[in-house]
Structures are given as structure tokens and as C-alpha cells.
Amino acid sequence: FLINLFTTVDKSIKIETYYLKYGLKHIGLLPQQNHINNSTNFSGNSVFGQLISLIPKYQVQRAVIKYQSDNFTKRFSTWEHLVSMLFATTSNTTSLRDVTNGLIGLEGKLQHLSLKRPPKRSTISDANKRRSYQVFEKIIP
């Protein structure tokens, strides 16, 4: 026997199909299709992006002003340096090449991290030499 039951859910008609097999002993319910987006594009923020969002921007700006860490820099700000170094720490990378390759891999998702573009290896190296560690100590105690 095939029995169709019509139910109203969220103002739409949903058809649930029940099959009765072997008399009344076995009643099977067809699995309902989940409406999950199976695409490779993520609609929300990544876990790393959510971690970065926990750092208040005003705290970073206060440290930048106090230690003048963005003076004489053209493109690679303290915020971008902080994000790239936190990415290095959380992704367990051991070299600057790994950091830059990892950020290049996330190039489409960099807007969630407030990065304009993935930094070059030499840029991170220069920033590590010139920028004081005290800035980051002030931001993340």
C-alpha cells in the first residue's frame, strides 16, 4: 500500500510517503532530503576568522599609537602582521613559506580576516625585524 499524507510546514505542503510492506509489521519512512548547501563556498566566517574577531580593534589601534608601529610602513599594517602571525601559530607552520602559502590558499577568504592581500614572505620577514614585539605583547597579554 502507498499512503500519501499531506502536512503543512512553514506554509508549504510537504509530502511524506509511507510504505507499508509485509502487512502491518514493517512501516518504513522514506528519508527526508536535508536542505543543506553542499557547495564548496562557505557562507559564514571560518573558525580562524571567528577567533580573530574576538580581538578588539580599538586595542590594536591603541597599541599602534603607543608604540608607533605603523610609522614608515606603506602596506603591511600591524593588524595584518598580527593576523598572519596568529595564522602561523594556529596552523602550526614552521616557516614563512608555509605561512604565505597558507594565506595564498585562503585568498578568497581574506576579507573575513581584514586582509587586503596575502603578504609576501619578504614582507613578513622585514616586519618581524622592524616591528617591536612589545606591540603584540600589549595587544595579547
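The values are calculated or read from the model by the stated rules, or taken from the named source; none is laboratory data. For clarity, every value in this text was computed on a predicted model and none was experimentally measured. Cβ sites come from the backbone with ideal geometry, for glycine too, and all protein chains shown count toward neighbours. Each accessible area value is taken on the protein alone, full model and side chains, heavy atoms only, with ligands, DNA and RNA left out. Shrake-Rupley method; radii C 1.70, N 1.55, O 1.52, S 1.80 Å.
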(request) Return the total of residues in segment 106-136 being more than 15 Å from LEU86 (Cβ to Cβ) and in contact with a Pro (Cβ under 8 Å, 6 or more places away or on another chain). (result) 1
(message) Restricting to segment 109-125, name every residue that is in a helix (DSSP H, G or I) and open to solvent by 60 Å² or more (accessible area, probe 1.4 Å).
(response) LYS109, GLN111, HIS112, ARG121, SER122
(request) Please name all residue pairs, on different chains or six or more residues apart, with Cβ atoms under 8 Å, provided the first residue is in segment 75-88 and is polar (S, T, N, Q) and the second residue is open to solvent by 20 Å² or more (accessible area, probe 1.4 Å). (result) SER77/ASP70; THR78/ASP70; THR78/ARG131
(message) Pull out all pairs, ordered by first then second residue, where Cβ-Cβ is under 6 Å, the residues are six or more apart or on different chains, the first lies in segment 47-62 and is over 13 Å from THR90 (Cα atoms), and the second is aliphatic (A, V, I, L, M).
(response) GLN59/ILE139; VAL60/ILE139
(request) Return the only residue of ARG97, ARG75 being among the basic types (Lys, Arg), modelled with pLDDT of 85 or more, outside any loop (DSSP other than H, G, I, E, B) and under 29 Å from ASP126 (Cβ atoms). (result) ARG97
(request) Please determine, by comparing only the residues of segment 84-108 that are over 20 Å from LEU54 (Cα atoms), out of contact with any helix residue (DSSP H, G or I) (no Cβ under 7 Å at 6 or more places or on another chain) and hydroxyl-bearing (Ser, Thr, Tyr), which one is surrounded by the fewest Cβ atoms within 10 Å (Cβ to Cβ). (result) THR94
(message) So, in segment 109-129, how many residues would count as being of a type outside the set (A, V, I, L, M, F, W, C) and in contact with a Gly (Cβ under 7 Å, 6 or more places away or on another chain)?
(response) 1
(request) Answer with yes or no whether ILE65 is at pLDDT 85 or above and either among the hydrophobic types (A, V, I, L, M, F, W, C) or assigned to a helix (DSSP H, G or I) (or both). (result) yes
(request) Return yes or no: is SER53 at pLDDT below 90, within 23 Å of the chain's Cα centre (by Cα) and surrounded by 11 or more Cβ atoms within 10 Å (Cβ to Cβ)? (result) yes
(message) Need pairs with beta-carbon distance below 6 Å; first residue at pLDDT 80 or above and within segment 106-124, second among the acidic types (Asp, Glu) and open to solvent by 70 Å² or more (accessible area, probe 1.4 Å); sequence gap 6+ or separate chains.
(response) PRO118/GLU107
